[in-house]
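Report on the following structure.
The values are calculated or read from the model by the stated rules, or taken from the named source; none is laboratory data. This one's a predicted model, so the numbers in the text were calculated from it and none came from an experiment. When we count neighbours, we look across all protein chains shown, and the Cβ atoms used for this are built from the backbone with ideal geometry, even at glycine.
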Amino acid sequence: MSGPDHQRGPQTAWVMNGPGTPVVAVERPVDEPAPGQVLVKVKACSLNFHDNVNLMGLLPGPWPRVPMSDGAGEVVAVGPGVDGLSLGQRVMGAFHPGWLDGPPTPQAKRECPGDSGDGWLQQYRVADAAGLVRTPDHLSDVEAATIPCAAVTAWSALVEANIGEGDVVVTQGTGGVSLFAVQLARALGATVILTSSSDHKLKVGSQLGATHLVNYRTTPEWETEVRRLTAGRGADLVVDLGGPATLAQSMRSARMGGTVAVIGVLSGFDAAPTPVAELMLNNLRVIGITVGSVRAHGEVCELISAAHIMPHISHVFDWEKLDEAVATMRAGTHIGKIALTVP
């Protein structure tokens, strides 16, 4: 079933023709949804570190392809056999639309918009209905577009550590994942310790719900401060975004039997010394997080709706300003998310 404007002309899509090549605007036909699919009029995208890596040409083909893993918009056509979605409903695309539920598998994680095929930087996108999630009513499309990667990643880390009332969560920096971790952990009743190199950015984190603020420039041994703030116990969960440069300190910040969720490699991919003795003696659980399933996406949206959480968006650009948006991310001047509007 199609909407009233089902006779659509060509659309504009931004396309990568090869690794590291400039993204160029191309006219393409608008496809009709096949069985089990819907057509989404894309209203917004958001930029993740993952997209930055993609745009640098560091991910394999296929080529050409449309970038951007995260997008949101409105259902404008529905293919046969679709249940649960109808014309006019607002939706977001899941980061791994084939990972519906359960533990990750190579097959479930194979599909990623913008990587394995066309992403969301286009005016219309056909998507499997099973890989879409309803947008919370209180969010705009721009706000919804920030949810699929960052919020789901933060939620998966909290779920892995079974975070709830009275627990302590440490999260690093003031990017999208970390600020969602602050807001979601607070909504679950946890105390949040936020680290950053900027007092200004820490203040934003405080406004979003962080209880304790630690500037790791002025307090380089921040794991000692975490221990002090927790009366020597340590945190139930440490959300590690730094990777090699921060992992050892994250492990020393966790309580006995606590969890370190490794979700970023902002300091690079080189191996770093790991305090193996502490890992063993403190029965630590170190787990890698790659976003989450479609079910996890739906669960975090339920909490976002119930707690009326508003994503913190630092910059919003017109999609023609993609280069400016990427430059802003690379400069590290943003706080929270960077979004793009799609005409």
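Annotation note: of 312, 308, 297, the sole residue that is on the phi > 0 side of the Ramachandran plot and modelled with pLDDT of 95 or more is 308. Among the residues examined, residue 165 does not qualify as acidic (Asp, Glu) and under 25 Å from residue 82 (Cβ atoms). Residues that are assigned to a loop (DSSP other than H, G, I, E, B) and under 17 Å from residue 261 (Cβ atoms) within region 211-247 comprise 234, 241, 242, 246, listed in sequence order. Number of residues in region 124-161 that are out of contact with any helix residue (DSSP H, G or I) (no Cβ under 9 Å at 6 or more places or on another chain) and more than 18 Å from residue 49 (Cα to Cα) equals 10. Residue 304 meets each of the listed conditions (1) within 20 Å of residue 160 (Cα to Cα); (2) of a type in the set (A, V, I, L, M); (3) assigned to a helix (DSSP H, G or I); (4) out of contact with any Pro (no Cβ under 8 Å at 6 or more places or on another chain) apart from (4). Pick from region 311-332 the residues that are touching a residue at least 12 places away in the same chain (Cβ under 8 Å) and not in a helix (DSSP H, G or I): which of them is surrounded by the most Cβ atoms within 10 Å (Cβ to Cβ)? If we take residues in region 311-332 being touching a residue at least 12 places away in the same chain (Cβ under 8 Å) and not in a helix (DSSP H, G or I), then 311 is surrounded by the most Cβ atoms within 10 Å (Cβ to Cβ).
Number of residues in region 132-187 that are buried (at least 24 other Cβ atoms within 10 Å of the Cβ) and at positive phi: the value is 1.
For region 105-175, list the strands (runs of 3 or more DSSP E) that sit wholly inside it and hold at least 2 residues that are under 24 Å from residue 11 (Cβ atoms); which are they? Outline the logic, then answer.
Values: elements: 124-128, 132-134, 168-172.
It comes to 124-128, 132-134.
For region 174-209, give me each residue that is in contact with a helix residue (DSSP H, G or I) (Cβ under 8 Å, 6 or more places away or on another chain), of a type in the set (Gly, Ala, Ser) and within 16 Å of residue 240 (Cα to Cα). Matches in region 174-209: 175, 176, 178, 181, 185, 196.
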